[in-house]
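Working notes, beginning with the structure itself.
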Amino acid sequence: MAVYRRGPNKDGKYTWYAEWRLPKRLGFDGRKCRVGFGSKDNAQIELAKRKEALRDGTYLQKYNQRGHHKRLVTRSFGNVAQELLDQRAQDRGWKKRTISNNGYAVSFLVSVLGQKRLADISSLDVERYKRSRRKQVSGPTVNRELALLSALLQVAVESGELIANPVRGIRRYRENENAWRYLSPDEVDRLVAVCVPRLRPVVLCALFTGMRAGEIRDLLWDYVDLRRGLIWVRDSKSGEPREIPIHPVLRRELVNLRRHRMSPHVFTKANGEQYRDWRSAWTTATRRAKLAGLRFHDLRHTFGTWQTSAGTHPFIVQALMGHRTQAMTRRYSHATSAGKRAAVDKLPPVGGTDKLRELAPTSAPTRRKRAAENSEY
């Protein structure tokens with residue numbers, strides 16, 4: 001029994017092989033078996049599993065005549081992708097919207113990797129998918145799809161259908177976390193001024209609560225207490241409920257909506273139906289306000305930035321925005337130009353011209369000046 005390397009191939013990659021012999025003393029015919037892997041670690045792990053199977057008598061139940069795992073031979077990624085997605089969703093408690101979005105992403109993964117057996121998906125296959133997909137979508141989108149693929153294959157690893165996760169070690173595209181946009185008060189005034197009446201309270205709710213679009217869309221009057229000035233977010237992305245104080249500007253909008261209440265939902269259309277899609281109204285408003293490219297989610301970034309600039313404690317910002325970790329709160333918070341200017345202005349006023357003139361030593365007499373002084377004598 002041994003592990004050895006062959007290669008490199010045309011791509012400069014090496015293949016590691018696990019090799020062993022089926023002993024006649026255990027009833028086998030003495031043939032030699034060999035299975036290739038992408039790394040030495042995987043080959044050693046696989047060889048150890050086969051040695052153990054030979055010792056405990058389960059070899060024929062797990063492996064075929066060539067030494068391949070029986071289940072790994074027959075199951076392709078396309079056949080098990082939905083099963084792995086369902087298992088991952090159950091383990092992590094995904095919401096319906098998350099399952100739907102991830103199901104859409106899985107369709108792209110299956111279109112490229114669906115015909116491959118789980119055991120045949122290599123790191124090279126994943127790298128090729130990454131590069132080809134990058135020609136169609138942005139780097140962050142590719143990163144999300146690779147993360148999903150890694151999560152699905154990890155389920156297969158944990159269930160024993162896959163030896164190692166080929167997505168591990170694949171470098172992701174760099175993301176500029178500080179490039180997210182936020183608005184100044186003047187830009188907010190321009191935006192709110194051009195919003196149609198139905199969109200205006202939605203925009204103000206995002207600005208003064210930092211709530212996500214889905215949380216605003218599904219907000220019910222049962223979770224709005226105008227008397228105490230609180231909004232409860234029961235079904236958040238993080239899975240943990242939170243409460244948010246109502247700003248006076250937002251309170252006036254909510255009081256007006258409450259007078260014309262026609263539905264359990266806070267934000268509705270004129271006929272009382274839930275206001276679910278404001279993309280058209282949003283695009284029109286951003287164009288009229290000369291804020292092209294502004295996303296609705298940038299209002300949440302604006303809330304976090306304003307809170308940080310106002311000196312709000314990071315743990316309070318985290319609680320208001322519903323983040324699991326402080327790292328996420330820092331990503332949504334930005335140092336404004338005014339904040340940076342104020343920080344620089346706090347530096348001590350050292351090195352001023354007047355002060356330097358007072359402290360500067362008297363210059364030494366020049367050679368010509370000394371000669372003139374000596375000639376007088």
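None of the figures in this text is laboratory data; all of them are computed from the coordinates on show. Since we're looking at a predicted model, the values are computed, not measured. Backbone-built Cβ (ideal geometry, glycine too); neighbour counts: all protein chains shown.
Quick notes on this one:
- Legend: helices of the chain (whole DSSP H runs) are marked when their alpha-carbon atoms reach 27 angstrom or more along the helix axis and their mean Kyte-Doolittle hydropathy is at least -0.5; marked are 139-158.
- Over the chain: helical MRE at 222 nm, DSSP H runs n ≥ 4 each giving -39500 (n - 2.57), nearest 500: -15000 deg cm²/dmol
- The range 43-150: mean projected area of Cα convex hull, nm²: 8.3
- Correct option for volume of the Cα convex hull per residue in Å³ [calculated from the coordinates] among [x] 194; [y] 138; [z] 310: [z]
- Kirkwood hydrodynamic radius of the range 2-68, Cα pairs, Å: 12.5
- 3J(HN,Hα) couplings calculated from phi for the range 15-20 with the Karplus curve 6.51 cos²θ - 1.76 cosθ + 1.60 (θ = phi - 60°) are, in sequence order, 10, 9, 10, 9, 10, 8 Hz; Gly and Pro show x.
- For the listed residue pairs Lys62/Lys116; Lys40/Lys95; Lys13/Lys95; Lys40/Lys116, the alpha carbons are over 29 angstrom apart in Lys40/Lys95; Lys13/Lys95.
- Here the range 72-108 and the range 42-59 have alpha carbon centers that stand 30 Å from each other.
- Viscosity 0.692 mPa s, temperature 37 °C, Stokes-Einstein D of the range 185-337 from Kirkwood C-alpha radius, µm²/s: 205
- Counting neighbouring beta carbons within 10 Å and listing from fewest to most, the residues Cys33, Cys205 come out as Cys33, Cys205.
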